[in-house]
Amino acid sequence: MVVTTITNLEFGKMVQAAAAKLNQQAEFINSLNVFPVPDGDTGTNMSMSMTSGAKYEREATSTAVGELASAVAKGLLMGARGNSGVILSQIFRGFAKGCEAKVTLSAKEFVDAYANGAKTAYKAVMKPTEGTILTVVRESAQAGLNKVKESDDLVVILKAIVEAADVALEKTPDLLPVLKEVGVVDSGGQGLAFVLHAFYGALTGEEIETEIPDNAQMDEMINAKHHQSAQGKLNPEDIKYGYCTQMMVRIGKGKQVTQRFDYKTFYDYLAKLGDSLLVINDDEVVKVHVHTEHPGKVLTWGQQFGDLQTVKIDNMRWQQEEIMKDDDPTPVEVAQEAKDEVPAETAVIAVASGDGISKLLKSLGVTHVITGGQTMNPSIQDITDAINQSGAKQALVLPDNGNIFMAAEQAAEVAEIPIKIVHTKTIAQAMSALLEYNPEANLVDNQKAMESVLENVASGEVTVAVRDTQLNGKTIKKDDYMGIVDGKIVAVEKTIEDAAEAMVTSMLDEDSEIVTILYGADGDQAGAETLRKKILAQDDELDVQIYEGDQPVYPYLISVE
């Protein structure tokens, strides 16, 4: 068959087929994740992103391909999750720009639009890396540009584009050594190859599955079982310390100051009053978060060192009763401490997964938490909604995950208020950055100050291997426990405890002062206490702090400062 023109009918079939293909192949794409961890989500992110684009296309009323392409690009942009989803959205954004005034597309117009998509994707990435989806889109676009000089048959041209994409995909391990070591091709590149295969199949009349997730299935993907909090299962009477108490003390200020601030003295007294204690200070203020039965004693203690700048006390037993009434353990996507409060001048928005982590971040100044993270990247729409609904005049966004940077940056472009991104890759970095936040400073100064401390934090995570592999010179077997420090696997052991201990040992040096342990849904307080003892056995001058994070996937998140 010969096809020389793409009308709205062909274009619609191509887009819907691509969304269906990614949905079918999401788990396979996930399996190409370099790290054998249970959170490889490139396929899920690309599928959900393309599904959003397909939805916008279906709902568009225009019959002009250029306008339909713009609808797809808009849907992809707002639904984009993770770096792979954002890059895919940029390809379609460039494609739409390249054909925005077209009612139908000739072969040359289609190829030029796709080539513009490749250029746009490269521009969207600060440091383009070859051996990724970028290589696949660039080389397949070039193949289209070459072939259109010889033919105006879109079937012939798309076949050349698909074949070039497959060849480029197979070359990705030669361009990225880590892919070669693990023995996989690039997952994002594989996702784009599936999109192009779907385009070709739809254009040639191939009978293909076109079922894509509906709204209910999308919700199920977002709120998968391992993403949910265990909080809904907790009996309020089992909460040992019932009051979440937070305060900020201006050191040395006020009429009731009787003691000079000393961190150890200040911390040790509070440690006797409860658990989940967090004490962070600089020369001017000390911020406290603690679960206790005696919030009054906490506040009185603080006043001995300075006046109370802010105070917040929550009855956690009552809060848990309300949660159980709703019988819904899934954390809300955006939670504000009190909806009837006057909105802050500056919203401080963080991405986090786990009730305990959310509370810690809020105690340090975060005003809004978007539920998400490594296993559940929020979409651009999620981030934009949080920004626009904050009621603030400006906002800082802490992604707390490198895979959310691009989505956050795109959200900043379409938000209704000025935004700056603080490029935190981990919760530990976020906690350190928040100490540098100054409500009186402007966005640029806050961003600089908060990002200036990020390199002082080593961030580690313990998780389980989901498959056998060879990586970083280590032999890893399914169900082994791995310690990963700043993206590099440093420990592989048979038990969580051994992996955590080996990982922390690799993180410590002579300048280390504070070790923070956040135990997740698959970790526990007892295991964290055992780990604390082992760490102190190595250096008894270290300050080892333990908090309940309730995060999924990672039994322990550990940082060293």
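Just so it is clear, none of the values below were taken in a lab; they were calculated from the coordinates. Treat the numbers as computed from the prediction; the structure is a model and nothing was measured. Backbone-built Cβ (ideal geometry, glycine too); neighbour counts: all protein chains shown.
Rounded to the nearest 500, what is the 222 nm mean residue ellipticity of the chain from helices alone, with -39500 (n - 2.57) per DSSP H run of 4+ residues and division by all residues?
One gets -15000 deg cm²/dmol as the mean residue ellipticity at 222 nm.
Computed FRET efficiency, Cβ-Cβ of Lys494 and His294, R0 45 Å: what is it to the nearest 0.05?
Efficiency at R0 = 45 Å is approximately 0.60.
So how far apart, in nm, are the two label points at Arg58 and Glu150 if each is 7 Å from Cα heading toward Cβ?
In this crude spin-label approximation the distance works out to 3.9 nm.
Give me Leu273, Leu536, Leu360 ranked fewest to most by other Cβ atoms within 10 Å of their Cβ, as a rough exposure proxy.
Least crowded to most crowded, the residues run Leu536, Leu273, Leu360.
Summing Lys, Arg as +1 and Asp, Glu as -1, what charge do residues with Cβ under 12 Å from the Cβ of Asp479 carry, Asp479 excluded?
+1
Mind checking the angle between helix 82-98 and the chain's longest principal axis? C-alpha axes, 0 to 90 degrees, to the nearest 10.
Relative to the chain, helix 82-98 is tipped by roughly 40 degrees.
Calculate the spin-label point distance for Leu175 paired with Lys123, positioning each point 7 Å from the Cα along the beta-carbon direction, and give it in nanometres.
If labels sit at Lys123 and Leu175, their model points lie 2.0 nm apart.
Of the listed values (1) 36, 28, 24; (2) 47, 26, 20; (3) 40, 31, 20, identify the label whose number matches semi-axes √(5λ) of the Cα gyration tensor in Å calculated from this model.
Computed from the coordinates, semi-axes √(5λ) of the Cα gyration tensor in Å corresponds to (2).
Which one of Ala428, Ala392, Val351 is farthest out on the positive end of the charge dipole of segment 331-456, using unit charges on Cβ (Lys, Arg +1; Asp, Glu -1) and the Cα centre as origin?
Ala428
Sort Trp301, Trp318 by Cβ crowding within 10 Å, fewest neighbours at the top.
Sorted ascending by nearby Cβ count, the order is Trp318, Trp301.
Holding the Cα-Cα limit at 18 Å, pick out from Lys240/Lys287; Lys312/Lys359; Lys74/Lys420; Lys171/Lys425; Lys359/Lys488; Lys264/Lys534 the pairs that are longer than that.
Lys240/Lys287; Lys74/Lys420; Lys171/Lys425; Lys359/Lys488; Lys264/Lys534
Kindly work out what percent of the DSSP beta bridges joining two residues of the chain are antiparallel, to the nearest 5.
Among the beta bridges of the chain, antiparallel pairing accounts for roughly 75 percent.
If one computes the Cα centroid of segment 10-24 and of segment 416-471, what distance in Å separates the two points?
That distance is 37 Å.
In the neighborhood of Ile157, defined by Cβ-to-Cβ distances under 14 Å, what is the net charge if each Lys or Arg adds +1 and each Asp or Glu adds -1?
Computed value for this residue: -3.
Taking neighbour Cβ counts within 10 Å as the exposure measure, how do Arg58, Arg81 sort from fewest upward?
Least to most surrounded, the residues fall as Arg58, Arg81.
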